[in-house]
1. Being modelled with pLDDT of 95 or more, closer than 19 Å to Val9 by Cα and out of contact with any Ser or Thr (no Cβ under 6 Å at 6 or more places or on another chain) is the filter here; which residues of the range 45-64 pass it?
2. Is it the case that some residue within the range 48-58 is within 29 Å of Gly6 (Cα to Cα), of a type in the set (Gly, Ala, Ser) and touching an Asp or Glu at 6+ places or on another chain (Cβ under 9 Å)?
3. Any residue at all in the range 30-39 that is crowded, with 16+ Cβ neighbours inside 10 Å, of a type outside the set (D, E, K, R) and at pLDDT 95 or above?
4. As an exercise: evaluate Asp13 against (1) over 12 Å from the mean Cα position of the chain (by Cα); (2) open to solvent by 80 Å² or more (accessible area, probe 1.4 Å); (3) not small (Gly, Ala, Ser) and give the number of the one condition it does not meet.
5. Among the residues of the range 44-58, count how many are open to solvent by 60 Å² or more (accessible area, probe 1.4 Å), assigned to a strand (DSSP E or B) and touching a strand residue (DSSP E or B) at 6+ places or on another chain (Cβ under 8 Å).
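The values are calculated or read from the model by the stated rules, or taken from the named source; none is laboratory data. Here the structure is a predicted model, which is why all the values come from computation and not from measurement. For neighbour counting, all protein chains shown are included, and Cβ atoms are generated from backbone atoms with ideal geometry for every residue, glycine included. Heads up: the accessible areas ignore ligands, DNA and RNA and are worked out on the full protein's heavy atoms, side chains in. Shrake-Rupley method; radii C 1.70, N 1.55, O 1.52, S 1.80 Å.
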Amino acid sequence: MTTLEGVGVKPIDAVGTEFNPDFHNAVMHVEDENFGENIVAEEFQKGYMYRDSVVRHSMVKVAN
């Protein structure tokens, strides 16, 4: 990861953040009172960005 970050590749934060289709790919939905509306509850596959471009979207489960 240090090498990748050195050339500008960074992981996308997902769990606990608001769902954003520019960075996240929602593959599941769950009703869960522990999370707010439209919040990422679980990440199945890590997403990455290269500078300001998405290399791979985060595959996530979205609550409520």
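1. Gln45, Lys46, Tyr48, Met49, Tyr50, Ser53, Val54, Val55, Arg56, His57, Ser58, Met59, listed by residue number.
2. The answer is yes; a qualifying residue exists.
3. Yes, the conditions are met somewhere in the range 30-39.
4. Among (1) over 12 Å from the mean Cα position of the chain (by Cα); (2) open to solvent by 80 Å² or more (accessible area, probe 1.4 Å); (3) not small (Gly, Ala, Ser), Asp13 violates only (1).
5. 5
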